[in-house]
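Here the structure comes first, spelled out in structure tokens, and everything after it is commentary.
The values are calculated or read from the model by the stated rules, or taken from the named source; none is laboratory data. Everything quoted here is computed from the prediction, not taken from an experiment. Using ideal geometry, Cβ is built from the backbone for each residue, glycine included, and neighbour counts are taken over all protein chains shown.
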Amino acid sequence: MIGRHARPANPPETRPARVQPWLEETLKRDPVDAAGVIGDALAATNRVALSESRRLELAERYYGTALTLWPNLERHFAGAQHPLAGDALAAAKAALILAAELATAYKHLLAHEAEKRLLLSGNRLLVALIHRCLQCTARILINSYQSYAPVPPRTWHDAHAIYLFAHQRNLQMTPIASDTAEATPERHYVQALLLALANPYGFMPGQLGQVVQYLQDHAHWAHITNVAPVHRLAKAVAIIPVGHDFPPFAANKGGNIDGSKLFLLTFDLAFQIQEELRGLDAGGLPPPGVANDQSGRAEYVALLRRLLRQWAIPPARQFNRLPSRARVVMCAGLAGVWQYSRGAHAGVANIPSGLPTMNACQVINHTPGGYALRQIDAIHAPLRIGDLIALRVEG
């Protein structure tokens, strides 16, 4: 493995004057291929010794290129059937690796800048690096949620640490530029926290982008404090586990964590969502970008009600999860459910051909409300969020 300041046998190009035209030329290739090549080059750059000024210049050039690539990559895997395969899987991996390597580059720069005792340029560069670190973290989360992939290790640990550092330096409310007063480190961090609290792996295809846009417009109604709520199971309060590598969780879920913690208050945000719902129920117009027909309005109202539940009144767990080693068979989709409930199991003489097969699953744990399952067949059933599922317990 190459160390951070090692001298690899084939060192990457680190001259900005050469890197920029190479990036522009690489962008002309297939997006999946281009993202893989650019991600590998950035990973190699992160592991060689460079002056901080050159590392920053290179990081900015790679970041600008990534902004062009990410939307093209999303088209390959957003909404694709799962488990991902082929180009969809390659695109998801490339998008996530590119975001992770950019985060590594900016975290390296932030750590170096934070160690300086005298900042000749004031806090301007420090604030810019904090912004970039949190922006890259947000992209890691979005790519993970869109592809239904686990969030990479240390992502949340570092995000909490970066915000805490900004707070200690009293920079959490400092905008990146005078003309973007709303773009503060705390705003970026709060958006990431709220996105994680919204159960993002449960979104229907296309809803994640809608929620990200909603957060850009409404996240300022949520606030971070270090003062514990009066009641430990208060609603509209989330616990931020500083020093731990996991996302925030609703206070009314109970549970304890070691070390310090912060609290995310969503009372005002909940009030705004309730007011918007009242307006829509009274016949008001939905926001731009939402279809003003019966179907579009119904989907948007359902999404708002779901966000209200997740951010303000999350349901407390009613049952303990019980570990299990049982086996079940599963079929997905309307045709598969018919096969299970009305086809081969109901004495139908002429069963249509081409129906999906049953897939074996291992039960991880269960409650009276449902199962946590892992597919164990060599070929997994392709699934989407919202698919109809039928289960039969074996034995």
Checklist entry - If you check Ala94 against the conditions, is it touching a Gly at 6+ places or on another chain (Cβ under 6 Å) and part of a helix (DSSP H, G or I)? => result yes
Checklist entry - Restricting attention to region 48-80, and to residues there that are aliphatic (A, V, I, L, M) and farther than 18 Å from Ile140 by Cβ, which single residue is modelled with the lowest pLDDT? => result Ala80
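Yes or no, residue by residue, for (1) of a type in the set (A, V, I, L, M, F, W, C); (2) under 22 Å from the mean Cα position of the chain (by Cα); (3) within 20 Å of Ala159 (Cβ to Cβ):
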site	(1), (2), (3)
Ala228	yes, no, no
Ile240	yes, yes, yes
Ile257	yes, no, yes
Phe263	yes, yes, yes
Arg278	no, no, no
Leu285	yes, no, no
Asp293	no, no, no
Next on the checklist: Anything in region 137-160 that is within 19 Å of Ala111 (Cβ to Cβ) and in contact (Cβ under 8 Å) with a residue 40 or more places away in the chain? List them, or say none.
Outcome noted: Thr137, Ile140, Pro152, Pro153, Arg154, Thr155, Trp156, His157, Asp158, His160
Checklist outcome for this item: Conditions (1) more than 24 Å from Asn252 (Cβ to Cβ); (2) surrounded by 14 or more Cβ atoms within 10 Å (Cβ to Cβ); (3) out of contact with any helix residue (DSSP H, G or I) (no Cβ under 7 Å at 6 or more places or on another chain); (4) at pLDDT 65 or above -> Ile313 fails only (1)
Item to check | First in region 44-62 and part of a loop (DSSP other than H, G, I, E, B), second anywhere and buried (at least 16 other Cβ atoms within 10 Å of the Cβ) and modelled with pLDDT of 95 or more, Cβ under 8 Å, 6 or more apart | outcome: Asn46/Glu101; Asn46/Thr104; Asn46/Ala105; Asn46/His108; Leu50/Leu58
Next on the checklist: Condition (residue is of a type in the set (Val, Ile, Thr) and surrounded by fewer than 16 Cβ atoms within 10 Å (Cβ to Cβ)) applied to region 33-41: is it met by at least one residue?
Outcome noted: yes
Checklist entry - Based on what the data block shows, is Arg374 loosely packed, with under 13 Cβ neighbours inside 10 Å, outside any loop (DSSP other than H, G, I, E, B) and at pLDDT 70 or above? => result yes
Checklist outcome for this item: Among the residues of region 52-93, the number that are β-branched (Val, Ile, Thr) and crowded, with 20+ Cβ neighbours inside 10 Å is 1
Checklist entry - Taking the condition modelled with pLDDT under 95, part of a helix (DSSP H, G or I), within 21 Å of Val151 (Cα to Cα) and aliphatic (A, V, I, L, M), does Ala88 pass? => result yes
